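J.: Pasting a structure below so you can have a look.
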Amino acid sequence: MSTRDTLLAQIDAYLARTKMSGRAFSLLVGRDHKWLSRLRQGLVTLQSIERAEAVLRGEVTEPLPPKRLPAPPQPSKAA
């Protein structure tokens, strides 16, 4: 069994135990509702996998804060 398969099995067991949806888990891990689908495809970062493992261990219970967009440019005041 590959590392990814092992992690997916752990996530599936966690979702069944907590009755959490895959979408909610994905948002908790990485602000991306498709994260779990991307994991199944092998398209996620090591950093996000480590965060998922922290969620499984119970160390992470809050989602990441929203990404901050740059402030819109302020109109210049004409003198």
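Coordinate-derived values only; no laboratory data. This structure is a prediction, so every number in the text was calculated from the model and none was measured. Virtual Cβ from ideal backbone geometry, glycine too; neighbours counted across all protein chains shown.
J.: Could you go through the range 38-51 and let me know if any residue there is in contact with a Leu (Cβ under 9 Å, 6 or more places away or on another chain), surrounded by 11 or more Cβ atoms within 10 Å (Cβ to Cβ) and in contact (Cβ under 8 Å) with a residue 40 or more places away in the chain.
T.: Yes.
J.: Within the range 6-29, which residues are among the β-branched types (Val, Ile, Thr) and either in a loop (DSSP other than H, G, I, E, B) or more than 21 Å from PRO66 (Cα to Cα) (or both)? Before the answer, list the steps.
T.: The initial filter retains those residues of the range 6-29 that are among the β-branched types (Val, Ile, Thr), namely 6, 11, 18, 29.
Hits for the range 6-29 are THR6, ILE11, THR18.
J.: Tell me, please, whether a residue that is under 17 Å from THR3 (Cα atoms), touching a residue at least 24 places away in the same chain (Cβ under 8 Å) and either hydrophobic (A, V, I, L, M, F, W, C) or in contact with a strand residue (DSSP E or B) (Cβ under 6 Å, 6 or more places away or on another chain) (or both) can be found in the range 57-71.
T.: For the range 57-71, residues under 17 Å from THR3 (Cα atoms), touching a residue at least 24 places away in the same chain (Cβ under 8 Å) and either hydrophobic (A, V, I, L, M, F, W, C) or in contact with a strand residue (DSSP E or B) (Cβ under 6 Å, 6 or more places away or on another chain) (or both): absent.
J.: Can I ask one more? Would you mind stating whether SER76 is polar (S, T, N, Q), free of Cβ contacts under 8 Å to residues at least 24 places away in the same chain, out of contact with any Phe, Trp or Tyr (no Cβ under 8 Å at 6 or more places or on another chain) and surrounded by 10 or more Cβ atoms within 10 Å (Cβ to Cβ)?
T.: Values: polar (S, T, N, Q): yes; free of Cβ contacts under 8 Å to residues at least 24 places away in the same chain: yes; out of contact with any Phe, Trp or Tyr (no Cβ under 8 Å at 6 or more places or on another chain): yes; surrounded by 10 or more Cβ atoms within 10 Å (Cβ to Cβ): no.
So SER76 fails the test.
J.: Report, by residue number, each residue of the range 4-40 that is under 11 Å from the mean Cα position of the chain (by Cα), aliphatic (A, V, I, L, M) and closer than 11 Å to VAL55 by Cα.
T.: LEU28, VAL29 - these are the residues of the range 4-40 that are under 11 Å from the mean Cα position of the chain (by Cα), aliphatic (A, V, I, L, M) and closer than 11 Å to VAL55 by Cα.
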